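Quick notes on the structure that follows.
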Amino acid sequence: MRRHITSALLASALVMGTATACQTIWSDQDATTTRGERDPAPRAAPPATDAKGNPAGTSWIGDSVNIGGRAFGEHLRISVLGFVDPAVATGKAAKEPAAGNRRLGVDVTLANVGGKPYDASKATAWVVDDQGKRHAASVTERITTGIPLKWNTVAAGEQTQGWLVFEVPENARITQFFCTLGTTTVSWQLHFPPSR
(Lines give C-alpha, C1' and ligand atoms only; values in the text may rest on other atoms or scores of the structure.)
Protein backbone atom coordinates (compact mmCIF):
# COMPACT_ATOMS: atom_id res chain seq x y z
CA MET A 1 0.00 0.00 0.00
CA ARG A 2 2.80 2.42 0.94
CA ARG A 3 4.57 1.58 -2.34
CA HIS A 4 1.44 2.53 -4.39
CA ILE A 5 1.02 5.86 -2.54
CA THR A 6 4.71 6.72 -3.05
CA SER A 7 4.44 5.90 -6.78
CA ALA A 8 1.28 7.99 -7.12
CA LEU A 9 2.89 10.97 -5.34
CA LEU A 10 6.02 10.71 -7.51
CA ALA A 11 3.98 10.56 -10.73
CA SER A 12 1.89 13.53 -9.57
CA ALA A 13 5.02 15.57 -8.80
CA LEU A 14 6.49 14.79 -12.24
CA VAL A 15 3.30 15.94 -13.98
CA MET A 16 3.19 19.18 -11.95
CA GLY A 17 6.89 19.83 -12.62
CA THR A 18 6.37 19.36 -16.36
CA ALA A 19 3.40 21.71 -16.38
CA THR A 20 5.35 24.56 -14.80
CA ALA A 21 8.80 23.95 -16.26
CA CYS A 22 10.48 26.46 -18.55
CA GLN A 23 12.74 25.08 -21.26
CA THR A 24 15.85 26.82 -22.58
CA ILE A 25 17.75 25.42 -25.54
CA TRP A 26 21.32 26.62 -26.15
CA SER A 27 23.32 25.91 -29.25
CA ASP A 28 27.10 25.89 -29.15
CA GLN A 29 27.12 27.47 -32.64
CA ASP A 30 25.30 30.65 -31.78
CA ALA A 31 23.87 32.76 -29.00
CA THR A 32 20.25 32.11 -29.90
CA THR A 33 17.96 31.12 -27.05
CA THR A 34 14.53 29.60 -27.55
CA ARG A 35 12.26 29.75 -24.54
CA GLY A 36 8.82 28.21 -24.34
CA GLU A 37 6.41 28.00 -21.43
CA ARG A 38 3.42 25.71 -21.10
CA ASP A 39 0.23 27.62 -21.79
CA PRO A 40 -3.35 26.36 -21.95
CA ALA A 41 -3.88 28.31 -25.20
CA PRO A 42 -2.45 26.58 -28.30
CA ARG A 43 0.59 28.21 -29.89
CA ALA A 44 2.24 27.94 -33.26
CA ALA A 45 4.77 25.15 -33.58
CA PRO A 46 8.36 26.23 -32.88
CA PRO A 47 10.55 26.79 -35.94
CA ALA A 48 12.28 23.74 -37.34
CA THR A 49 15.93 23.29 -36.41
CA ASP A 50 18.87 21.71 -38.14
CA ALA A 51 20.87 18.77 -36.77
CA LYS A 52 22.84 21.04 -34.42
CA GLY A 53 19.76 22.79 -33.01
CA ASN A 54 20.16 26.04 -34.97
CA PRO A 55 16.94 27.67 -36.23
CA ALA A 56 16.02 26.71 -39.77
CA GLY A 57 16.87 29.51 -42.14
CA THR A 58 20.02 30.49 -40.24
CA SER A 59 22.44 32.22 -42.61
CA TRP A 60 26.13 31.39 -42.42
CA ILE A 61 29.28 32.75 -44.03
CA GLY A 62 28.98 32.07 -47.74
CA ASP A 63 25.15 32.31 -47.74
CA SER A 64 23.15 34.88 -49.71
CA VAL A 65 19.85 36.48 -48.68
CA ASN A 66 17.42 38.21 -51.07
CA ILE A 67 15.64 41.40 -49.97
CA GLY A 68 12.74 42.98 -51.82
CA GLY A 69 12.45 46.74 -52.12
CA ARG A 70 9.53 49.14 -51.79
CA ALA A 71 8.59 48.98 -55.46
CA PHE A 72 7.88 46.11 -57.84
CA GLY A 73 11.12 44.89 -59.46
CA GLU A 74 13.48 45.95 -56.63
CA HIS A 75 15.51 42.94 -55.46
CA LEU A 76 18.90 42.98 -53.73
CA ARG A 77 20.97 39.90 -52.93
CA ILE A 78 23.30 40.31 -49.93
CA SER A 79 26.10 37.81 -49.36
CA VAL A 80 28.56 37.56 -46.47
CA LEU A 81 31.74 36.04 -47.85
CA GLY A 82 33.97 36.10 -44.79
CA PHE A 83 35.32 38.10 -41.90
CA VAL A 84 38.70 39.05 -40.48
CA ASP A 85 39.38 39.45 -36.78
CA PRO A 86 41.34 41.51 -35.98
CA ALA A 87 41.19 43.80 -38.99
CA VAL A 88 44.14 46.12 -39.60
CA ALA A 89 43.68 49.61 -41.10
CA THR A 90 46.01 50.68 -43.89
CA GLY A 91 46.81 53.91 -45.70
CA LYS A 92 48.08 57.36 -44.72
CA ALA A 93 45.03 58.21 -42.62
CA ALA A 94 44.96 54.88 -40.75
CA LYS A 95 44.36 55.22 -37.02
CA GLU A 96 44.70 52.75 -34.20
CA PRO A 97 41.50 51.58 -32.50
CA ALA A 98 40.68 53.12 -29.11
CA ALA A 99 42.48 51.64 -26.12
CA GLY A 100 40.96 48.27 -25.17
CA ASN A 101 39.33 47.81 -28.59
CA ARG A 102 40.09 45.93 -31.79
CA ARG A 103 38.65 46.06 -35.30
CA LEU A 104 36.67 43.35 -37.04
CA GLY A 105 35.89 43.34 -40.77
CA VAL A 106 32.99 41.63 -42.54
CA ASP A 107 33.24 41.00 -46.30
CA VAL A 108 29.86 41.83 -47.92
CA THR A 109 28.62 41.68 -51.52
CA LEU A 110 25.52 43.51 -52.76
CA ALA A 111 24.05 42.32 -56.08
CA ASN A 112 21.01 43.91 -57.70
CA VAL A 113 19.09 40.93 -59.10
CA GLY A 114 15.97 42.97 -59.92
CA GLY A 115 14.98 45.10 -62.85
CA LYS A 116 15.23 48.50 -61.13
CA PRO A 117 17.95 50.40 -59.23
CA TYR A 118 18.04 49.51 -55.51
CA ASP A 119 18.73 52.35 -53.06
CA ALA A 120 20.83 50.85 -50.25
CA SER A 121 22.11 54.23 -48.99
CA LYS A 122 20.09 54.12 -45.76
CA ALA A 123 21.25 50.64 -44.73
CA THR A 124 22.55 50.10 -41.21
CA ALA A 125 24.81 47.30 -40.00
CA TRP A 126 26.04 45.99 -36.66
CA VAL A 127 27.59 42.93 -35.05
CA VAL A 128 26.51 41.25 -31.82
CA ASP A 129 28.76 39.64 -29.22
CA ASP A 130 28.05 36.52 -27.16
CA GLN A 131 26.62 38.74 -24.38
CA GLY A 132 24.02 40.18 -26.76
CA LYS A 133 25.67 43.63 -26.99
CA ARG A 134 25.45 45.43 -30.35
CA HIS A 135 28.42 47.16 -31.99
CA ALA A 136 27.60 49.45 -34.94
CA ALA A 137 29.75 49.76 -38.06
CA SER A 138 31.99 52.69 -37.20
CA VAL A 139 35.08 52.73 -39.37
CA THR A 140 35.01 53.55 -43.09
CA GLU A 141 38.72 53.39 -43.84
CA ARG A 142 40.50 50.77 -45.91
CA ILE A 143 41.76 47.65 -44.17
CA THR A 144 44.54 45.33 -45.35
CA THR A 145 42.01 42.83 -46.76
CA GLY A 146 40.16 45.33 -48.97
CA ILE A 147 38.22 48.53 -49.51
CA PRO A 148 35.17 49.70 -47.52
CA LEU A 149 31.68 48.79 -48.71
CA LYS A 150 29.71 51.81 -49.90
CA TRP A 151 25.97 51.64 -49.27
CA ASN A 152 24.94 53.43 -52.48
CA THR A 153 22.26 52.89 -55.08
CA VAL A 154 23.02 49.64 -56.91
CA ALA A 155 21.99 49.68 -60.59
CA ALA A 156 20.04 46.78 -62.07
CA GLY A 157 22.46 43.94 -62.79
CA GLU A 158 25.30 45.65 -60.86
CA GLN A 159 27.32 44.05 -58.05
CA THR A 160 29.50 45.75 -55.46
CA GLN A 161 31.76 44.25 -52.82
CA GLY A 162 33.60 45.67 -49.82
CA TRP A 163 34.31 45.44 -46.13
CA LEU A 164 32.27 46.76 -43.21
CA VAL A 165 34.51 47.50 -40.24
CA PHE A 166 33.47 47.43 -36.58
CA GLU A 167 35.35 48.56 -33.51
CA VAL A 168 34.64 46.11 -30.69
CA PRO A 169 36.04 45.50 -27.19
CA GLU A 170 39.27 43.51 -27.19
CA ASN A 171 37.76 40.66 -25.15
CA ALA A 172 34.35 40.49 -26.94
CA ARG A 173 33.48 37.28 -28.81
CA ILE A 174 31.55 38.39 -31.89
CA THR A 175 28.94 35.87 -33.02
CA GLN A 176 26.53 37.53 -35.51
CA PHE A 177 26.34 40.17 -38.22
CA PHE A 178 23.10 42.09 -38.93
CA CYS A 179 22.01 44.60 -41.51
CA THR A 180 18.76 46.46 -42.07
CA LEU A 181 17.47 47.82 -45.38
CA GLY A 182 14.10 49.55 -45.15
CA THR A 183 11.95 47.42 -42.87
CA THR A 184 13.90 44.19 -43.42
CA THR A 185 16.62 42.99 -41.07
CA VAL A 186 18.76 40.00 -42.00
CA SER A 187 21.51 38.26 -40.06
CA TRP A 188 24.38 35.83 -40.44
CA GLN A 189 26.21 33.66 -37.93
CA LEU A 190 29.88 34.60 -38.07
CA HIS A 191 30.92 30.96 -38.38
CA PHE A 192 31.33 28.67 -41.30
CA PRO A 193 28.26 26.44 -41.64
CA PRO A 194 28.17 23.07 -39.94
CA SER A 195 28.44 20.16 -42.36
CA ARG A 196 25.03 19.71 -43.99
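The values are calculated or read from the model by the stated rules, or taken from the named source; none is laboratory data. Keep in mind that what you see is a predicted model, and the values were worked out from it rather than measured. So basically every Cβ, Gly included, is an ideal-geometry build from the backbone, and we count neighbours across all protein chains shown. Note: accessible area is taken over every heavy atom of the protein model, side chains too, but ligands, DNA and RNA are not part of it. Shrake-Rupley method; radii C 1.70, N 1.55, O 1.52, S 1.80 Å.
Taking all protein chains together and rolling a 1.4 Å probe, E158 ends up with roughly 80 Å² accessible. Heavy-atom accessible surface of S138, to the nearest 10 Å², is about 70 Å², with a 1.4 Å probe and all protein chains retained. Taking amide H as placed 1.01 Å from N in the peptide plane, the amide H of L181 sits under 5 Å from that of V186, each at least 5 places away or on another chain. Accessible surface area normalised per residue over the range 71-196 is 53 Å², counting heavy atoms of protein chains with a 1.4 Å rolling probe.
Take A93, project a point 7 Å from its Cα along the Cβ direction, then tell me which residues of the range 112-141 have their backbone nitrogen under 13 Å from it. Residues 139-141 fall inside that zone. Taking a spot 7 Å from the Cα of Q159 along the direction of its beta carbon, which residues of the range 110-149 have an amide N less than 12 Å from it? Flagged as within label range: 110-113. The stretch between N171 and K150 holds 4.7 nm of extra length on full extension. This uses 0.36 nm per residue minus the Cα-Cα distance.
Accessible area ranking (1.4 Å probe, heavy atoms, ligands and nucleic acids excluded), largest first, for K92, K133: K92, K133. Here the Karplus relation 6.51 cos²θ - 1.76 cosθ + 1.60, evaluated at θ = phi - 60°, turns the backbone of the range 75-90 into coupling constants of 9, 10, 9, 10, 10, 9, 9, x, 8, 10, 8, x, 8, 10, 6, 9 Hz, with x for every Gly and Pro. How many percent of the accessible area of the range 72-151 is carbon or sulfur, using a 1.4 Å probe? The computed percentage sits at 54. Placing dummy labels 7 Å off each Cα toward the beta-carbon, the span from T185 to S138 is 2.0 nm.
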